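Contents: one structure, followed by commentary.
The values are calculated or read from the model by the stated rules, or taken from the named source; none is laboratory data. Computed from a predicted model, the values in this text were never measured in an experiment. Don't worry about glycine lacking a Cβ; one is built from the backbone with ideal geometry, like all the others, and counts go over all protein chains shown.
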Amino acid sequence: MARGDLSDAELELIEALLPSERGRKSRPAQGNRRYLNGMLHVLRVGCPWRDMHERYGKWNSVYVRFRRWAEQGVWDEL
C-alpha cells in the first residue's frame, strides 16, 4: 500500500457503494481497490491519466472504469 492509498477501514466504509465488476471469460475482472486508488491518485496529484503510476494498472483501464462509474452515478453516491 502506497502513501495516499485507501486503508482497509476506509475501503470497508465505501465497498458496498462500489459496483461489482464482471470480467470477460479470457480476462477476469480485478478488484475495485486498485482501480479506486489509481483514480484517487490522479485526482489528488492532478496528473494526466497517461502519467498515472504503473502500480495502479494500465491507465486506460482505470480511466474507463472511472468514466463508467461517473455515468452510473457511483461518484454521486460516494
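Of note:
- Of the residues making up the stretch 54-78, those that are touching a residue at least 40 places away in the same chain (Cβ under 8 Å) and surrounded by 14 or more Cβ atoms within 10 Å (Cβ to Cβ) are R65, W69, V74.
- For beta carbons closer than 8 Å, sequence separation of 6+ or different chains, a first residue in the stretch 1-12 that is modelled with pLDDT of 90 or more and a second that is part of a loop (DSSP other than H, G, I, E, B), the qualifying pairs are S7/M1.
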